[in-house]
Amino acid sequence: MSDTQDSYWSIVWQQFRKNRPAYWAAWALVPLFLLSIFAPVLASDRPFAYYDRGRWLFPWFRELFHVEEPSDYFYNMALVVFFPWLVLGGWLNRRWRRGGMARSRRWGRLLGLYALLTLAAMVVFSLDVVRPAHLYFERRFVREEFGDPQRWGIYPPLPFGPTTVDEDAFFKPPLFVKPSQQWKAANDYFPHLLGTDGGGRDVLVRLIYGTRLATTVGFVAVGLYITIGVVLGALAGYFGGWVDMLISRIIEVMLVFPAFFLILTLVGFLGQSIYIIMVVIGITGWPTIARLIRGEVLKQRNMEYVLAALAQGASHTRVLFRHVLPNSLSPALVAAPFGIASAIIVEAGLSLLGFGVRPPAPSWGALLREAHGNYAYWWLIVFPSLAVFLTVTLFNLVGNGLRDAMDPRLRR
Amino acid sequence: MWSYLLRRLLLMIPTLFGVTLVSFAVMQMAPGDPLLLQGGDQGSLAAQGETREAYLVRRRDLKLDRPLFLNLRYFRDWTEPVRHAAWFLGVPVEQLAQDLAPLARLADQTARARLRFLHQLDIPELDRRLQRFFRSPGKESPEQIRAGRLSLARTVRNYVQVFCENLSFHGVPAAVKLLEQESSERMRRGLAWALRYMVVEPFRYEFSDNPQPEEVQEVEATWRRWAQLNPQFLQPLLQEQQKAFHALLEKLLQTSQEQWSLLLEQVPQMDRFLHFLLQHLLDPQSPLEEKAACARILASELDPLPLVPREDASAETLEQIAQNWQLHYRLHRQEYHPSWGRRLWLLVADTQYAYMLVRLATFNFGRSTLRTQEPVSQKIWEAFKVSAPLMALSQVLIYLIAVPLGVICAVKHNSWVDRAISLGLFILYSIPAYVAGMLLLLFFCYGDYLKWFPSGGLHSEGAQQMSPWAYWLDYLHHIVLPTLCLTLFSLAALAMYSRTSMLEVLGQDYIRTARAKGLSEAKVILKHALRNALIPIITLFSNTIPAVLGGSVLIEYLFNIPGMGRLTFESIENKDYPTLMALVYINAIVVMISILASDILYVLVDPRISFQKRSQAG
C-alpha cells in the first residue's frame, strides 16, 4: 500500500518539478515562513540584551512569551523551538539516513517533529509557572537611559514593534527619521523604511508581522474546511443512501449562500477575532471540498480493490479511511493552495471593511483601511498591496503546479 | 422534461427549508437582546429615542419573545415561577438587596427554590457575585459590598422583569389566581408588577380608527370599571347641560380629529363635560361613532386605571389594582385558555421560527430597525437599481473579453501568444479586486498628475441640473473605474475555463476529421470547435444572475456606490437585522433558481444530454 502511495507522490513531485514557476514558488514559501517565524528577530522594539548598570536584562526573550495575538504566540513558540529542532532534527536525520530511509519520508517526519515541538511549546509555555515572567511590560527603553554609558542595548535590525504607538510619527512617509530633538525612545534614531501608519507604527514591521496573521488565517481556515469537507464528503460518497441524501442537501444549502456575504455577516455578528474569522471561513468553505471528495469517492467505491478489501473482511471504516480516501484526496489537495490564497484575500478584505482582527493587530487589510480615509498616504496602499499580491501569487502558482502535476491528462 | 422539472422543484423545497433554517440560525447568532446586555442601564435605549414600552411592543410585533422552535408554554403550569417572580418584584431594590442574603446562604427550602428560579434566568456571574457580596465577603470594603449587593439586586430585578416580559400572557392566569389567593402585601405588589410586565396593553380605552361593534363590550367594560372607581362621574347632569354637551359632541364629530384639542380647550366646564362623555359612552342607546369619540376624548383627558402600586400605596389601592387585573382576565378569558387542538397547533405555530417562515414565505420583510424605519423591500429595491446596471455591464464585459481570450489561447496553444495571455490572466487572477481598486483610486483619482476620474459616487454634485446627455456622460465617467475593477479582476477564471474547454474540443477526433476534409482553419475553429466549446461556458452564464443581484461589497465600499453590496455592509454595521435577513434570503433564493436555470440550459444547449439521463445521474 505505502509503496504505491510513495510512487504516486513521487510521480506528482516529478511533474511538479517540471513546472518551473510553481517549483520556485514552492521554494519561495520557505522564506515566507521563515519570515513569519523570525519576525521578532528582524523587528522588535525590545532589545535582545540590555546592559543596565552592571545587570544584564533580556526583555526581548521575555516578550516572546507574552503576546496578545494568538498567531504571534504560535509563531513565537515556533521560533523558540526552532534551534532545538535544528539540532535534534540534524541528529535524527543522520540516523535515519544511515537506516536507509527515503529522503521525502525523512523530511516529512522532520516537519512533523517541528509541528509537534511547536505545539508542545505552546501548551507548556501557556502555564504561568513555566514561562519567563513579563518583567518589563511597562518599561520603555528611553533616551535618557540610552545616552547613559552604563546603559545600552543590542537591538534587532528593525528596532520597532508591530503595535507600539508613537505619538510623534503619525502618517510619516517612507524613510522618515525623527528630528533629533524629538528623540525619546532608544530606537528613534532609526528611519521608518516604509513609513508609518496612523498610530506611528512602522509599516515595514507591520507588514512582516502581517505575514504571520495572513499565513495563520490561511492555513488554519483551509485546514479546517478541508478536514470537514473530506470527512463529510467521504461519508456521503461511501455510504450513499440517506447519509448521502442528508449531506448532499446540507452541501446544497450551504452552496446557495454567497460565501463572502455569509462570512461578512457572521463575522459582523460574532465579533472580531482571529479565531472567529478562521472558523467562519472554515464553515463556509467546506461544501465545495465535500462535493469534490464525494464525487471522487463515488468513483473509487466501485473499483475492484474496494471489493477485495471488503472480501478480506476489512471493516467499512478501514476500507473508507485506509483505502478509498487516500486515493480520493487529490482534488482536496489541489484546492488547498488556492483556498489559502483566497482566505488571505478574504481576511485582508474583512480588515479593509473594519470587520477583521481587532485594530492594533498588524493585518495588511488594516493598513489599507487607514489609507482609505486619505489617499495621500500612498505608502499605506502600495506596500500592503504588494504584500497581498506576492503572497497570493505564490500560493496560486503552487496551486497551479499541483493541479497540473496531478492531472493525468497532462502527464507525458 | 416536465417530470425532471417537477423533481427538481420538489428537491428545492428541503433546500429552501434549509436556507430559512440557516438564515434563522445566523440571526440567532446576532448578539442577544439589547435590554439584557445593558443589564438595567436604560441609557442607550433612551439614546435611540425609544421607551422600554415601545421596545416591548416592537419586540412582540416581531415575535421575539416566543421560543425558537417549540412552544411548550401552553402546556406548563406557571404558578411556581410566577410566585417566585412576584416575590422578587414586590419590594424596592434596596429591600431586595437585603433579602438576597438568605438566598445566598441557602437558608431553607424556599430560599433554595428561589435560587433555582434565579439560576434559570441565566444571570451573568450570579454565583460569583453571590459568593463575593454575601457568602464570604473577603477583601472588599463595606461600601463596595453594599454597592455590589445593590447592583446585583438591580440586575436580578431586571432579569425577573425580562422573564415576565418573555413569559407574556402565559403567566397571566397563574398570576391572577395567585392574586386571589395570596394575602401578603409583598406578593400582591409583586404580582401586580409581574402582570404589568406580562401584559402590554391590558385595557382598551379607545376604539380603533374604524370602530367596530365587537369592540364595544371591552371598551365599555373598561370605562365601567373606571366609573366604579370614580363614582362622582356618575352624578346625573341637568337636562339642558346634557343637551348642550351633546351638541358640542356632534360638533366635534364633524370636525377633524386634529382640531379636537383646540376645541376642547374652549369647553367651559370640562369636568362636567367628561362626566357627560362617560355617561354617554356607557349609555346603551348611544350610536357607535359617538361612543368612539367619547372614548377617545376620555382616554386623552383622564388617567388610565391603576395597574401597579406605588410604594406608598394603601391596602385599599392594592385591592383595587387586584380587581382591575381580575377584570382584565375575565375580559380576555378566551385568549388565556385556548382549546387543546389550538394548543397543539400553537406548539409549532407560535414560535419565532414559524413566524419568520411565514414572513419570509410571503416576502414580507417588515421595516428596517434604523431610525428611518424604511420598508426593507424598498431599501433593497433602491440599492438594486444602483448596482444592477453596473454589475450587468461588467458581467457582459467579462464574457466579451474572457471567452475570446480563452479561445485565442487554445488555438495558439503553447505559442508565445498563449504564454503571454496566460501569464497576464494569471497576474490578474492573483490581484484581489479591492487591492486593484485602491491602486486605481490612488493613481487616477487622488494622484498629483493623473486626476482623470472622480473619486467616488455615481454622479457629480449638481448632476440633477445637467442636460440628459451631460448627465449620462457624467455617469459613465464615474463608473469607469468600478467597472474596470469588477471586470478585469474577475475574468481570469472564465478565460482559463474557456481555454480548457476549447483545448479539449480541439483534441477531439472530429476536429481532425474536419481538418482532414480540407476545411479552412477558420471554419474548423469557428463552426466546429467553438460551438461545442461554448456549451459548458453558456451554462456558467447563470452565475451572473446572483452576481448582478448581490453587487460587490468591497468595490462599492471603496468607490462609495450606494448599491447592494454597500447596503449589505451598512446593515451589518448598523445591526439592521430585518434588512440583512431579507438580503441573505433573497440572495439564496436567486442562487438556487439560477442553479436550476443553469441545469436546464445545459440540456437545452447540448443535444447529447437529456433530462432522463440527468435525472438518473443526479
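In chain B, inverting the average of 1/r over every pair of distinct C-alpha atoms gives 31.3 Å as the Kirkwood radius. Compactness of the stretch B:463-542 was expressed as the Cα radius of gyration divided by 2.2 N^0.38 Å, which yields 1.76. Remark: the stretch B:103-156 is approximated by an ellipsoid whose semi-axes, taken from the C-alpha gyration tensor as √(5λ), come to 20, 13, 9 Å, largest first.
For A:Y375, the amide hydrogen comes within under 5 Å of no other amide hydrogen, counting only partners 5 or more places away or on other chains and with H modelled in the peptide plane. For B:K523, the aspartates and glutamates whose Cα falls under 20 Å of its own Cα, not counting residues fewer than eight places away in the same chain, are B:E504, B:D509.
Largest first, the extents of the alpha carbon coordinates of the stretch A:251-345 on the three principal axes equal 52, 24, 22 Å. Once you divide the Cα radius of gyration of the stretch A:320-409 by 2.2 N^0.38 Å, the number left is 1.45. 3J(HN,Hα) along the stretch A:318-333: 5, 4, 5, 7, 9, 10, 6, 4, x, 7, 10, 6, 4, x, 5, 5 Hz, from the Karplus curve 6.51 cos²θ - 1.76 cosθ + 1.60 with θ = phi - 60°, whole Hz, x for Gly and Pro.
Amide H contacts under 5 Å for A:G153: A:Y51, restricted to partners 5 or more places along the chain or on a different chain, H placed in the peptide plane at 1.01 Å from N.
Seen against the Cα atoms of chain B and their longest principal axis, helix B:577-605 is set at about 30 degrees. The calculated FRET efficiency for B:F17 paired with A:D168, based on their beta-carbon distance and R0 = 56 Å, is about 0.40. Helix A:379-406 versus the longest principal axis of chain A: what angle, 0 to 90°, nearest 10, using Cα atoms? For helix A:379-406, the angle is close to 20 degrees.
What is the Å³ per residue value for the convex hull set by the Cα atoms of the stretch B:534-599?
Looking at the stretch B:534-599, the number lands at 73 Å³ per residue.
Legend: P(r) of the stretch B:202-304 from all alpha carbon pair distances, 5 Å bins from 0, whole percents, reading 2, 12, 26, 26, 21, 11, 2, 0. In sequence order, the stretch A:115-124 has phi-based couplings of 4, 4, 4, 4, 4, 4, 4, 4, 5, 4 Hz under the Karplus curve 6.51 cos²θ - 1.76 cosθ + 1.60, θ = phi - 60°, and Gly or Pro positions carry x. Put a dot 7 Å past the Cα of A:L333, heading toward its Cβ, do the same for B:Y355, and the two dots end up 5.3 nm apart.
Centre-to-centre, using Cα atoms only, the stretch A:48-74 and the stretch A:225-257 are separated by 47 Å.
Quick check on my link table: of B:K63/B:K385; B:K412/B:K517; A:K172/B:K575; B:K63/B:K575, which ones sit more than 25 Å apart, alpha carbon to alpha carbon? Result: B:K63/B:K385; A:K172/B:K575 exceed 25 Å.
GNM on chain A, alpha-carbon springs under 10 angstrom: the most fluctuating residue among A:P84, A:P179, A:P359 is A:P179. When the scattering of chain A is computed by the Debye formula from its Cα atoms alone, each counted once and equally, what is log10 I(q)/I(0) at q = 0.07, 0.11, 0.14 Å⁻¹? At q = 0.07, 0.11, 0.14 Å⁻¹ the computed log10 ratios are -0.42, -0.95, -1.36. Translational diffusion coefficient of the stretch A:203-410 (Stokes-Einstein, Kirkwood radius from Cα pairs, 10 °C, 1.306 mPa s): 86 µm²/s. With no solvent and one equal point scatterer placed on each C-alpha of the protein assembly as shown, evaluate the Debye formula and give log10 I(q)/I(0) for q = 0.05, 0.06, 0.10 Å⁻¹, two decimals. Debye output, listed in q order: -0.47, -0.67, -1.38.
Given R0 = 35 Å, the distance between the Cβ atoms of B:E316 and B:E218 translates into a calculated FRET efficiency of 0.85. Sort all Cα-Cα distances of the stretch B:340-380 into consecutive 10 angstrom bins from zero, then give the percent of pairs in each bin up to the one containing the longest distance. Each 10 Å bin holds this share of Cα pairs: 27, 36, 24, 12, 1. Largest first, the three principal axis extents of the alpha carbons in the stretch B:380-520 are 65, 32, 29 Å in whole numbers.
In summary, the stretch B:261-345 shows an alpha-carbon radius of gyration equal to 1.52 times the 2.2 N^0.38 Å reference for compact globular proteins.
Within the stretch A:51-92, the percentage of alpha carbon pairs spaced more than 14 angstrom apart rounds to 61%.
Which FRET efficiency value, to the nearest 0.05, do you get for B:L302 and B:E374 by plugging their Cβ-Cβ distance into 1/(1 + (r/R0)^6) with R0 = 35 Å? Efficiency at R0 = 35 Å is approximately 0.45. A run of chain B free of exposed loop cleavage sites, with trypsin sites (Lys or Arg not before Pro) counted only in DSSP states other than H, G, I, E and B and at most 10 other beta carbons within 10 Å, reaches its longest extent at B:140-309.
Two numbers describe the Cα atoms of the stretch A:3-124: Rg and Dmax, which are 18.8, 65 Å. Building the convex hull from the alpha-carbon atoms of the stretch B:256-413 and averaging its projection over directions returns 22.2 nm². A crude spin-label estimate for the pair B:L6 and B:E250, with each label 7 Å from Cα along the Cβ direction, gives 6.8 nm. Taking the helices alone, chain A has a mean residue ellipticity at 222 nm of -21500 deg cm²/dmol, built from -39,500 (n - 2.57) per DSSP H run of at least 4 residues and averaged over all its residues. For A:K178, the aspartates and glutamates whose Cα falls under 19 Å of its own Cα, not counting residues fewer than eight places away in the same chain, are A:D45, A:E144, A:E145, A:D166, A:E167, A:D168, A:D188, A:D197, A:D202.
Sequentially through the stretch A:28-33, phi angles give Karplus couplings (6.51, -1.76, 1.60; θ = phi - 60°) of 5, 5, 4, x, 4, 6 Hz, Gly and Pro residues having no value and appearing as x.
None of the figures in this text is laboratory data; all of them are computed from the coordinates on show. What you are looking at is a predicted structure, and each value in this text was computed from that prediction instead of being measured. Every residue, glycine as well, gets a Cβ built from its backbone with ideal geometry; the counts of neighbours run over all protein chains shown.
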